[in-house]
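A.B. asks: Just passing along the structure, written as structure tokens.
The values are calculated or read from the model by the stated rules, or taken from the named source; none is laboratory data. Because the structure is predicted, anything quoted here is derived from the model rather than measured. Note that we place each Cβ from the backbone using ideal geometry, even for glycine, and neighbour counts take in every protein chain shown. Just the protein is used for accessible areas: all its heavy atoms, side chains included, with ligands, DNA and RNA removed. Shrake-Rupley method; radii C 1.70, N 1.55, O 1.52, S 1.80 Å.
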Amino acid sequence: MTIKEQLEQIVSDVKERLISIKSKVDLMNEKANVLGKKGPFAQIMANMRNLSIEEKKEIGQITNVAKQELETAIQDKLNELNEEEINKRLLEETVDVTMPGMKLSLGTIHPLNQTIMDLEDLFISMGYEVADGPEIETDEYCFEKLNLPKGHPARDMQDTFYIDTVRLLRSQTSPVQARTMELKNGQPIKIVCPGKVYRRDQDDATHSHQFMQFEGLVLGHNISMADLKGALSEIAKKMFGQDRKIRLRPSFFPFTEPSVEVDVSCMRCNNQGCPTCKGTGWIEVLGAGMVNNNVLRMSGYDPDKIQGFAFGVGVERVAMLKYGIDDIRNFYTNDIRFIRKFKEVK
Ligand code: DAH
């Protein structure tokens, strides 16, 4: 067979094979086999050194023509495969606009957030500002600056999660009092602060290792226990209905002196006695008191010039009473059926 015939044979064989090639990988392999270093073209070129100049010229030319013909055929095949691929994808990714749409499952505001929003609205309407503080607190702000030095027995009730010897997850929102006082630098204050708090408690129907509090602090000139009682009475009415009365019982908190426990007349039985109020007609709702002089001094306030009151309420407790929820864990199990129940209740 002459070289010309050999070349014609190679070209027709390759073209034949190209017809049945279905993938780009196979095509690239074919290209490498034919046009690569070990392919037939490379061999023909290698043999040329035995030919005369005339023959070299002629063979060189027809070899190049054959090579170009194959390169073009391979490129055409590649274009064809690319096009097939695009068409296939277009077909696969077609959107059927006649298909019914996906139903988006909408949730609703969580009853705890709803309670916080209601409380915030109430306090903003009474001239309070909403303040914020970190959940990762220092021992200093969470305890020391609230008159709870190391070793104070009242710390036992607020055992929490410690990050190191200095930092902890705050066990109460009261540290925001100290932080705000330092910011306001001796000036009057009227703030509320909602937020998460943590305690090393065993979870059960009424305890959770993470829950929420709503803290209040009012500092100004000539603020007395009567102002505290007036504010608390107003809050109880707005939260639980106009007929509510309050009752103050002496209590102890290290950051207030005197301290009180605040009971609200039962909203289920209107003070008559029922299972919710355990037959007493009263429900304990929050802790409060006149800010302790030590606390004022530690944060740069002069108790002879400025004094005031503070209170702290459990948000879950308020929501449970308001919505008749009997297990605190319901708030945190993320069951959409529970949350949906509060869609209409407001
Ligand atoms: N921090 C208290 C607690 O977690 C609640 C509290 C009581 C806050 C009295 C106050 C307050 O601001 O005056 O048990």
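A.B. asks: Is one or more of the residues making up region 46-65 in contact (Cβ under 8 Å) with a residue 24 or more places away in the chain and within 60 Å of the chain's Cα centre (by Cα)?
C.D. replies: no
A.B. asks: Go through region 146-178 and give me each residue that's open to solvent by 30 Å² or more (accessible area, probe 1.4 Å) and either part of a strand (DSSP E or B) or within 13 Å of the ligand (Cβ to nearest atom) (or both).
C.D. replies: Asn147, Arg155, Asp156, Met157, Asp159, Tyr162, Arg167, Leu169
A.B. asks: Where residues in region 179-200 are within 12 Å of the ligand (Cβ to nearest atom) and more than 27 Å from Asn293 (Cβ to Cβ), which of them is nearest to the chain's Cα centre (by Cα)?
C.D. replies: Within region 179-200, the match that is nearest to the chain's Cα centre (by Cα) is Tyr198.
A.B. asks: Kindly indicate which of Leu35, Leu18, Leu27, Leu51 is open to solvent by less than 80 Å² (accessible area, probe 1.4 Å) and modelled with pLDDT under 90.
C.D. replies: Among Leu35, Leu18, Leu27, Leu51, only Leu51 is open to solvent by less than 80 Å² (accessible area, probe 1.4 Å) and modelled with pLDDT under 90.
A.B. asks: Still on this structure, please answer the following. Restricting the search to region 231-282, which residues are closer than 16 Å to Met320 by Cα, of a type in the set (Gly, Ala, Ser) and within 16 Å of the ligand (Cβ to nearest atom)?
C.D. replies: Ala236
A.B. asks: Turning to a different aspect of this structure: Those residues that are open to solvent by less than 70 Å² (accessible area, probe 1.4 Å) and out of contact with any Lys or Arg (no Cβ under 6 Å at 6 or more places or on another chain), I need them from region 83-121; list them, please.
C.D. replies: Gly107, His110, Pro111, Leu112, Gln114, Thr115, Ile116, Asp118, Leu119, Glu120
A.B. asks: How many of the residues making up region 292-317 are of a type outside the set (Asp, Glu), within 13 Å of the ligand (Cβ to nearest atom) and either open to solvent by 60 Å² or more (accessible area, probe 1.4 Å) or under 19 Å from Ile235 (Cα atoms) (or both)?
C.D. replies: Residues flagged as of a type outside the set (Asp, Glu), within 13 Å of the ligand (Cβ to nearest atom) and either open to solvent by 60 Å² or more (accessible area, probe 1.4 Å) or under 19 Å from Ile235 (Cα atoms) (or both) within region 292-317 amount to 9.
A.B. asks: Just checking, does region 242-254 include any residue being in a strand (DSSP E or B), of a type in the set (Ser, Thr, Tyr) and open to solvent by 20 Å² or more (accessible area, probe 1.4 Å)?
C.D. replies: Within region 242-254 (the criterion being in a strand (DSSP E or B), of a type in the set (Ser, Thr, Tyr) and open to solvent by 20 Å² or more (accessible area, probe 1.4 Å)), the answer is yes, since at least one residue qualifies.
A.B. asks: Hey, among the residues in region 221-230 that are on the phi < 0 side of the Ramachandran plot and more than 13 Å from the ligand (Cβ to nearest atom), which one's most open to solvent (accessible area, probe 1.4 Å)?
C.D. replies: Of region 221-230, the ones on the phi < 0 side of the Ramachandran plot are 221, 223-230.
Pick out the ones that are also more than 13 Å from the ligand (Cβ to nearest atom) and you get 221, 223-224, 226-227, 229-230.
Details: His221: 118, Ile223: 31, Ser224: 50, Ala226: 71, Asp227: 70, Lys229: 102, Gly230: 41 Å².
Per the stated criteria, the residue is His221.
A.B. asks: Now a separate question. Among all residue pairs at least 6 apart or on different chains, which show Cβ distances below 6 Å where the first residue, located in region 288-312, is within 26 Å of Lys196 (Cβ to Cβ) and the second is hydroxyl-bearing (Ser, Thr, Tyr) and away from the ligand (no atom under 13 Å from the Cβ)?
C.D. replies: That search, which allows pairs on different chains as well, returns nothing.
A.B. asks: Which condition number in (1) under 23 Å from Thr2 (Cβ atoms); (2) open to solvent by less than 70 Å² (accessible area, probe 1.4 Å); (3) aliphatic (A, V, I, L, M) is the one that Ile74 fails?
C.D. replies: (1)
A.B. asks: While we're here: State which residue is surrounded by the fewest Cβ atoms within 10 Å (Cβ to Cβ) when the search covers only region 179-201 and only residues that are assigned to a loop (DSSP other than H, G, I, E, B) and in contact (Cβ under 8 Å) with a residue 24 or more places away in the chain.
C.D. replies: So the residue we want is Asn185.
A.B. asks: Further question on the same structure: Taking only region 134-145 into account, find how many residues are part of a strand (DSSP E or B), open to solvent by less than 60 Å² (accessible area, probe 1.4 Å) and either away from the ligand (no atom under 15 Å from the Cβ) or β-branched (Val, Ile, Thr) (or both). Reasoning before the result, please.
C.D. replies: As a first pass, look at region 134-145 and keep what is part of a strand (DSSP E or B): 136-138.
Remaining after also requiring open to solvent by less than 60 Å² (accessible area, probe 1.4 Å): 137-138.
Then keep just the ones that are either away from the ligand (no atom under 15 Å from the Cβ) or β-branched (Val, Ile, Thr) (or both); that gives 138.
Residues that pass the stated criteria total 1.
A.B. asks: Something else: Tell me, please, whether a residue that is at pLDDT below 95, open to solvent by 10 Å² or more (accessible area, probe 1.4 Å) and part of a loop (DSSP other than H, G, I, E, B) can be found in region 209-219.
C.D. replies: Taking every residue of region 209-219 in turn, none turns out to be at pLDDT below 95, open to solvent by 10 Å² or more (accessible area, probe 1.4 Å) and part of a loop (DSSP other than H, G, I, E, B).
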